[in-house]
Amino acid sequence: MLSVALVIGLSIGAAHLAGPRTPTDGPPAVSQAATYPTPGIEAADEPLGTPAPAPPGGGVHEFVALQDDGVTPVSYDPCRPIHYVVRPDNAPDGGSQVIRDAVARVSEVTGLQFVFDGPTDEASTGSRPLYQPDRYGDRWAPVLITWQTEAENAEFLSDTVGEAGSAAVTISGEPKVFVSGVVDLDAAAFAGFLAEPDGGAFARAVVLHELGHLVGLDHVADPDQLMYPETRNAVDFASGDLAGLARLGVGTCVPHL
Ligand SMILES: [Zn+2]
C-alpha cells in the first residue's frame with residue numbers, strides 16, 4: 001500500500017501567530033492600518049453552518065494552536081466563509097476534483113463554509129502576506145492551494161507530499177482566529193497516486209489530512225486517525241479527527257477582524 005509522510009507547514013502559521021501581524025492592544029479599528037482589511041467583511045450574525053455531530057465517545061485529536069485558556073482551539077471564524085484559490089500550474093489529471101471533494105468533506109464535517117474563488121497565479125512563499133488588496137481586494141487573502149514541483153519545494157524531495165497551515169490574528173480581548181492559510185501539494189506524488197486503481201480515494205485522504213491542518217488539527221500518535229503523520233489505508237477522517245473537527249467548527253465569531 002501507499003505510505004507517505006505528511007508534514008504540517010507549521011512555519012506558515014506559527015510565524016504569523018507570534019509575528020507583527022498580531023495587534024495586541026488598542027481599539028479594534030484595525031482597518032485604519034494599511035496592513036489589515038476593513039473589519040467584518042462578509043461576517044454574518046451567526047455561524048453559517050453546523051458541524052456534523054461528533055462520534056459518541058470522541059477520540060484522540062490535537063490542535064495546532066490554543067486560545068489563552070489553554071483549552072479552546074484556535075479556529076476559523078464560523079460566521080464568514082473561507083475563500084480559497086488554487087494555483088493550477090502542475091496540477092495532475094483529476095487533481096482539481098480531489099481538492100473539490102476534500103473541501104466538501106471538510107465543510108460537511110466542520111460546518112465551515114468554503115467558497116472557491118477560482119485560479120490564481122500567486123506563488124506560495126513562506127512569508128505570504130495575509131492582506132493583499134492589489135490582488136484580492138479589501139479582505140483577508142483567500143486560502144492558497146498549490147501544486148508544487150520538487151524544484152519549488154525541497155520538502156517534496158522526501159516522502160513528504162503535502163504541507164499546510166493557517167495564520168491567526170487577534171485583537172485585544174478577543175479570541176485568536178485563523179484568517180488565511182496555505183496548502184502545498186506535491187504535484188508529482190499526486191500524479192502517481194491518481195494513476196493507481198482507487199488512487200483517487202487515497203489522494204483525497206491526503207488532501208483531507210492537509211485540510212485538517214489548515215482548519216486547526218495537529219498530528220496524533222494514533223495510527224487509526226487520519227491525522228497520524230503518515231497516511232496508509234485510511235480514506236476518511238476517523239473518530240478522533242471528527243471530534244476535533246467538530247470543535248473547530250464552533251469557534252467564536254470575531255466580526256472586529
Ligand atoms: Zn500532517
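Quick check on my filter: what residues within region 31-82 are among the aliphatic types (A, V, I, L, M) and under 17 Å from CYS253 (Cβ atoms)?
Residues satisfying the conditions are ILE41, ALA43, ALA44, LEU48, VAL74, ILE82.
Test SER96 against the criterion of being part of a helix (DSSP H, G or I), surrounded by 15 or more Cβ atoms within 10 Å (Cβ to Cβ) and free of Cβ contacts under 8 Å to residues at least 24 places away in the same chain, and give yes or no.
Judged against the criteria, SER96 is a match.
What are the residues in region 40-71 that are β-branched (Val, Ile, Thr), closer than 30 Å to ASP222 by Cα and surrounded by fewer than 17 Cβ atoms within 10 Å (Cβ to Cβ), if any?
Correct list: THR50, VAL71.
Hey, among the residues in region 213-228 that are near the ligand (Cβ under 9 Å from one of its atoms), farther than 17 Å from GLY111 by Cα and surrounded by 20 or more Cβ atoms within 10 Å (Cβ to Cβ), which one's farthest from the chain's Cα centre (by Cα)?
Ranking the qualifying residues of region 213-228, first place goes to TYR228.
Among the numbered criteria (1) modelled with pLDDT of 95 or more; (2) more than 16 Å from the ligand (Cβ to nearest atom); (3) aliphatic (A, V, I, L, M); (4) not in a helix (DSSP H, G or I), which one does LEU242 miss?
Here LEU242 clears every test but (4).
Kindly indicate which of GLY192, GLY165 is within 16 Å of ALA65 (Cβ to Cβ) and either assigned to a helix (DSSP H, G or I) or touching a residue at least 12 places away in the same chain (Cβ under 8 Å) (or both).
One residue alone meets the criteria, GLY165.
The rows are residues; the columns are (1) more than 14 Å from ASP184 (Cβ to Cβ); (2) over 17 Å from the mean Cα position of the chain (by Cα).
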{"residue": "ARG87", "(1), (2)": "no, no"}
{"residue": "ILE99", "(1), (2)": "no, no"}
{"residue": "ALA102", "(1), (2)": "yes, no"}
{"residue": "VAL109", "(1), (2)": "yes, no"}
{"residue": "SER124", "(1), (2)": "no, no"}
{"residue": "ASP138", "(1), (2)": "yes, yes"}
{"residue": "THR146", "(1), (2)": "no, no"}
{"residue": "GLY162", "(1), (2)": "no, no"}
{"residue": "VAL169", "(1), (2)": "yes, no"}
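Before we move on, is GLU210 of a type in the set (Asp, Glu), within 15 Å of the ligand (Cβ to nearest atom) and outside any strand (DSSP E or B)?
yes
(1) more than 11 Å from the ligand (Cβ to nearest atom); (2) within 19 Å of the chain's Cα centre (by Cα); (3) surrounded by fewer than 22 Cβ atoms within 10 Å (Cβ to Cβ): which one isn't true of VAL182, the others all being true?
(3)
Only residues in region 212-238 that are more than 24 Å from VAL74 (Cα to Cα) count as the first member; pair them with residues that are part of a loop (DSSP other than H, G, I, E, B) and within 12 Å of the ligand (Cβ to nearest atom), Cβ under 7 angstrom, at least 6 apart or cross-chain, and list the lot.
As it stands, the answer is THR231/LEU6; ALA234/LEU226, since those pairs meet every condition given.
The values are calculated or read from the model by the stated rules, or taken from the named source; none is laboratory data. Model, not experiment: these values are computed from the prediction. FYI the Cβ positions are ideal-geometry reconstructions off the backbone, even for glycines, and counts take in every protein chain you see.
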